[in-house]
1. Given the criteria farther than 20 Å from Q13 by Cβ, out of contact with any Leu (no Cβ under 7 Å at 6 or more places or on another chain) and open to solvent by 40 Å² or more (accessible area, probe 1.4 Å), does A59 qualify?
2. Would you pick out the residues in region 87-124 that are open to solvent by 80 Å² or more (accessible area, probe 1.4 Å), more than 23 Å from I28 (Cβ to Cβ) and over 15 Å from the mean Cα position of the chain (by Cα)?
3. Return the pair list, or none, for Cβ contacts closer than 8 Å from residues in region 4-29 that are closer than 12 Å to D90 by Cα to residues that are outside any strand (DSSP E or B) and of a type in the set (S, T, N, Q), at least 6 apart or on different chains.
4. Answer with yes or no whether G56 is of a type outside the set (S, T, Y), more than 11 Å from the chain's Cα centre (by Cα) and closer than 23 Å to L102 by Cβ.
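The values are calculated or read from the model by the stated rules, or taken from the named source; none is laboratory data. Please read all numbers here as calculations on a predicted model, not as lab measurements. Note: ideal-geometry Cβ built from the backbone for every residue, glycine included; neighbour counts use all protein chains shown. All accessible areas refer to the heavy atoms of the entire protein, side chains included, with ligands and DNA or RNA removed. Shrake-Rupley method; radii C 1.70, N 1.55, O 1.52, S 1.80 Å.
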Amino acid sequence: QVQLVESGGGLVQAGGSLRLSCAASGRIFSFYFMGWFRQAPGKEREFVARMRWNGGSTAYADFAKGRFTISRDNAKNTVYLQMDSLKPEDTAVYYCAASGRLSVTMSSNDYAYWGQGTQVTVPS
């Protein structure tokens with residue numbers, strides 16, 4: 001019923017930029033929040049950014065503030081994560097997630113729907 005498909009990952013040099021996309025299909029009207037999470041090797045999954053599906057109420061992890069921007073294209077039912085000034089520590093698998101909750105925290109437990117992930121690699 002619900003499918004989230006990430007794309008746009010790849011290899012970029014430190015200081016470079018990358019834009020990830022998350023195409024949503026299915027029962028998207030059940031979504032209240034869209035989020036991005038990442039999981040680096042040897043680390044737990046961590047919150048990156050989220051926004052209300054209607055396009056407002058954005059929030060970012062501290063490491064993402066000023067560098068990453070979450071946005072949405074209503075016509076395409078697609079959420080983006082613009083990543084600028086990338087660092088080697090940003091290397092991770094990035095996941096798109098959707099939540100039907102009226103309010104969310106930064107916990108991945110608040111999100112019921114997940115994409116398959118897309119790899120972002122920033123060499124040292």
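1. Numbers: farther than 20 Å from Q13 by Cβ: yes; out of contact with any Leu (no Cβ under 7 Å at 6 or more places or on another chain): yes; open to solvent by 40 Å² or more (accessible area, probe 1.4 Å): no.
Answer is no for this residue.
2. Across region 87-124, the qualifying residues are K87, E89, S124.
3. Every condition considered, the pairs that remain are A14/S124; G15/S85; S17/S85.
4. Working: of a type outside the set (S, T, Y): yes; more than 11 Å from the chain's Cα centre (by Cα): yes; closer than 23 Å to L102 by Cβ: yes.
Yes; evaluated as a whole, the condition is true for this residue.
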